[in-house]
Amino acid sequence: MTNAKHNGWTNYETWRVNLEIFDGFNPDEYFSAFDPEDEYGLGESIKQYAEEVIFECAEVPNGLARDYAQAFLDAVNWIEIAKHLISEFELNYIDRVLIGANPHLFGESV
């Protein structure tokens, strides 16, 4: 694993997990206790979610492949992904709630 930035992310592992698992992911739809102010809590939740997706849904057996997958996940910057998801959530919330409810205020046609 490297510490080199990749496509603007902390490292390749963080970029790849965000791309493959969390692209278009809305934490508000998956976590009932989602709090946009709690980056650490969301980071822990998405780590657990990713591990479930990879190890349980994909039925990765114990052994070398699982160990490599876990090492890959251990290099992920979960807080960075959490911050990104919160930012996306806030942008979508603004679009959905503010602009959706008042399109004329933002120059949108009805």
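The values are calculated or read from the model by the stated rules, or taken from the named source; none is laboratory data. Everything quoted here is computed from the prediction, not taken from an experiment. Here the Cβ is made from the backbone with ideal geometry for all residues, glycine too, and neighbour counts use every protein chain on show.
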Legend entry - Pair list, Cβ under 9 Å, 6 or more apart: the stretch 1-28 residue under 14 Å from W78 (Cα atoms), other residue of a type in the set (D, E, K, R) and at pLDDT 95 or above: W9/R16; W9/E80; T10/E80; E13/D74; T14/E80; N18/E80
Inset, instruction - Take the stretch 1-56 and flag every residue that is assigned to a strand (DSSP E or B) and within 13 Å of K83 (Cα to Cα). - result: W9
Inset, instruction - Could you tell me which numbered condition A82 fails, if it satisfies all but one of (1) within 21 Å of I94 (Cβ to Cβ); (2) part of a loop (DSSP other than H, G, I, E, B); (3) in contact with a helix residue (DSSP H, G or I) (Cβ under 8 Å, 6 or more places away or on another chain); (4) small (G, A, S)? - result: (2)
Legend entry - Failed criterion for Q48 (all others in (1) modelled with pLDDT under 90; (2) farther than 23 Å from G8 by Cβ; (3) of a type outside the set (A, V, I, L, M, F, W, C) hold): (1)
Legend entry - Residue selected from the stretch 41-67 under the condition under 21 Å from the mean Cα position of the chain (by Cα) and over 16 Å from N18 (Cα atoms), by the criterion surrounded by the most Cβ atoms within 10 Å (Cβ to Cβ): F55
